[in-house]
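The values are calculated or read from the model by the stated rules, or taken from the named source; none is laboratory data. Nothing here was measured: the structure is a model prediction, and the numbers come from that model. For neighbour counting, all protein chains shown are included, and Cβ atoms are generated from backbone atoms with ideal geometry for every residue, glycine included.
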C-alpha cells in the first residue's frame, strides 16, 4: 500500500535511528496502516487486552518501561493558518520506551532487534491478533518477518524525552515500590500517639530490614 499523506512520508523516510535513543532508553514509534474495514475489529481486540495490569502481555517483556496502542482515524484541524489534511487510511499507533542496557548510539538497530525478539517470544498470539489487522502484516509470522514489518512502519522519535534515561525498568519499579512503602510507614508512624523516639527508631530499622528483603514487584503491579 502506498502512503501518500505528506506529513507521514516526511516522518518515515529517512529514519535517523539515533534520535530514538536517550541514554540507555529507546523510544519506539510504529505507525502502520489498518486494512480497510478492520478498524472496529482492531478496537475490539485492543479493548480485551488489560491496559495496566500484570496480565497485560506487554508486562511479560522485562525491558518495557511503558507502551500503548492507539487507533488513529484522522488528523485534527488545529485552526488557521494550518491547512486541512486527511489520512487516506486509519492507522495503528504503537509507542513504547524500553531498556537497551547501553548508551551506545551506534547500536540502535541491534537494540531494536533484541527488544522485538523479546516481544515475539512473549506475545506471538497477541502480535498476530493486533497487527494482523494492518497492511503488510507477514503470514506466516516469523521473527525476521516481524522485525522487518515493524521497521517498515517505524517513524523517528524526533526529540525523544525519556523520564529515566539511565535507569532500567526494574530499577524504576523498585524505587516506586520503596517510595510507596515508606509513605505507608510514615503515615502509620504519625498515627501512633505517644511513641518514644527509641521505639520509632526500632520500628524504622525493622521496616527497613523487611523492605530490603522484599522482592521487587513484577511489571504491571505498581500503578
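Looking at 61, 49, which one is buried (at least 19 other Cβ atoms within 10 Å of the Cβ) and either free of Cβ contacts under 8 Å to residues at least 12 places away in the same chain or closer than 21 Å to residue 123 by Cβ (or both)?
61
Out of region 1-58, which residues are closer than 23 Å to residue 99 by Cα, modelled with pLDDT of 80 or more and assigned to a helix (DSSP H, G or I)?
Selection gives 20, 57, 58.
Pull up region 109-125, narrow it to residues that are touching a residue at least 40 places away in the same chain (Cβ under 8 Å) and crowded, with 18+ Cβ neighbours inside 10 Å, then point me to the one that is farthest from residue 65 (Cα to Cα).
Going through the qualifying residues, I end up with 123.
Only one of these conditions is not met by residue 181: (1) in contact with a helix residue (DSSP H, G or I) (Cβ under 9 Å, 6 or more places away or on another chain); (2) in a loop (DSSP other than H, G, I, E, B). Which number is it?
(2) is the only condition that residue 181 fails.
Looking at (1) within 23 Å of residue 102 (Cβ to Cβ); (2) touching a helix residue (DSSP H, G or I) at 6+ places or on another chain (Cβ under 9 Å), which is the one condition that is false for residue 161?
Only one criterion in (1) within 23 Å of residue 102 (Cβ to Cβ); (2) touching a helix residue (DSSP H, G or I) at 6+ places or on another chain (Cβ under 9 Å) is unmet by residue 161, namely (2).
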